[in-house]
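Asks: One structure is given below, represented as structure tokens, and several questions about it will come after.
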Amino acid sequence: MKLAILLVLISVSPLSGSAQNANINGAQKSALGPPAMCEAAASKLRDSGTNQVVLTMTVDAQGKVQSFKTEAPKGLRLEKVKKATTEIKAMRFDPALKNGKPVMAMISAAFECSDPDPASHAAKH
């Protein structure tokens, strides 16, 4: 049996609350990032002037995140933050399909994080 890995670029849509669900064949919006991820990323996000975290994730045929790498903002390593890693790996996605069957896929997803302290950001600039 051959293992198929697909690279799919997506933006994910939140299902509800902290749960995430992405239709990797056509979602259009960035999802709100998990709270621990956004908290861990807050300083880097403020320094980079963005509120978006981009992850590349390996999602298995059941839609579970098996592994991930932080792509943006530069210098952020969420892989090293236990609470963020736990939340990211708890996310669920609609699996990629190949010939109508679920397969493992590598996806890139953008998540929005609101500034936890906009006043401190304004004071810096």
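The values are calculated or read from the model by the stated rules, or taken from the named source; none is laboratory data. Because the structure is predicted, anything quoted here is derived from the model rather than measured. Here Cβ is always computed from backbone atoms with ideal geometry, including for glycine, and neighbour counts include all displayed protein chains.
Asks: Being over 20 Å from M106 (Cβ atoms) and crowded, with 17+ Cβ neighbours inside 10 Å narrows it down to one residue among A31, A40, A72; which is it?
Replies: A40
Asks: Out of the residues in the stretch 1-43 that are over 16 Å from T85 (Cβ atoms) and modelled with pLDDT of 90 or more, state the one that is farthest from the chain's Cα centre (by Cα).
Replies: It comes out as S43.
Asks: When the stretch 95-114 is examined, which residues are found to be in a strand (DSSP E or B), over 23 Å from P73 (Cα atoms) and of a type outside the set (V, I, T)?
Replies: Across the stretch 95-114, the qualifying residues are A96, L97, K98, K101, P102.
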